[in-house]
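Below is one structure, written out as structure tokens; the observations come after it.
The values are calculated or read from the model by the stated rules, or taken from the named source; none is laboratory data. On a predicted model such as this, the values are computed, not experimentally measured, just so you know. Note that we place each Cβ from the backbone using ideal geometry, even for glycine, and neighbour counts take in every protein chain shown. Please note that ligands, DNA and RNA were not included when accessible areas were found on the heavy atoms of the full protein model with its side chains. Shrake-Rupley method; radii C 1.70, N 1.55, O 1.52, S 1.80 Å.
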Amino acid sequence: MIPAELAEHWRGTLPPVGAEVPEGWSWGTPGGPECDYDRACDPSVSEATPFGGFGWVEVQGQPVLVLDSEIHTWFEADEADSGGGILVRSSADGADEDPGSVPVQSWHTVGSDVISLSDGRLYMFDSAYNGAADPEQIQAFDGVAVIELGAGHWRVDFATNRDAVDFVRFRPSEARRGGAAAQP
């Protein structure tokens, strides 16, 4: 999940701009440059959950949210609670996919906890593909989801319920210098 204003800088499995590329290199090849997809797949950036996980990588000095695993994921806007919303990630049929099924004490942050959006949108697409400023130009296999949160700073919380359904919650946040979130 990448802020719209950073999406054109995501290179997927392409080498970084200006990188020295050895003959025969492709992503994942030892001794070559590390591409964005390699960084997204690095297990050190993720907090594991039963069917996936969450983590952060930087693009242009800004945090980008990595959702581990290819599981069914959708966004539910929360208009009644000052904007924001919740991503639901479930691989179990019949699982309780209600964010209310998560005990309050289960919500937590992983690493950086604020995403700053000047454009107000997040793009969600397979990290193996290169990004673009226009979501219609991103050739991701499963397409691109455009999540409209609005311009500002967004606190990001994570939780997993008893049915192993993952949730990612976005809430408005005041940001202090250095990118830390001011706690409500």
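What to note about this one:
- In a residue-by-residue description of the range 14-30, the property of being among the aromatic types (Phe, Trp, Tyr) and within 22 Å of Phe158 (Cβ to Cβ) applies to no position.
- Verdict on Ala133 being in contact with a strand residue (DSSP E or B) (Cβ under 8 Å, 6 or more places away or on another chain), modelled with pLDDT of 90 or more and small (Gly, Ala, Ser): no
- Positions within the range 136-148 being open to solvent by 20 Å² or more (accessible area, probe 1.4 Å), in contact with a strand residue (DSSP E or B) (Cβ under 8 Å, 6 or more places away or on another chain) and within 26 Å of Asp98 (Cβ to Cβ), in sequence order: Ala145, Val146, Glu148
- Scanning the range 23-41 for residues that are hydrophobic (A, V, I, L, M, F, W, C) and modelled with pLDDT of 90 or more, we see that the one that is farthest from the chain's Cα centre (by Cα) is Cys35.
- Residue in the range 52-61 that is more than 22 Å from Ile138 (Cα to Cα), over 15 Å from the mean Cα position of the chain (by Cα) and at pLDDT below 85 present: no
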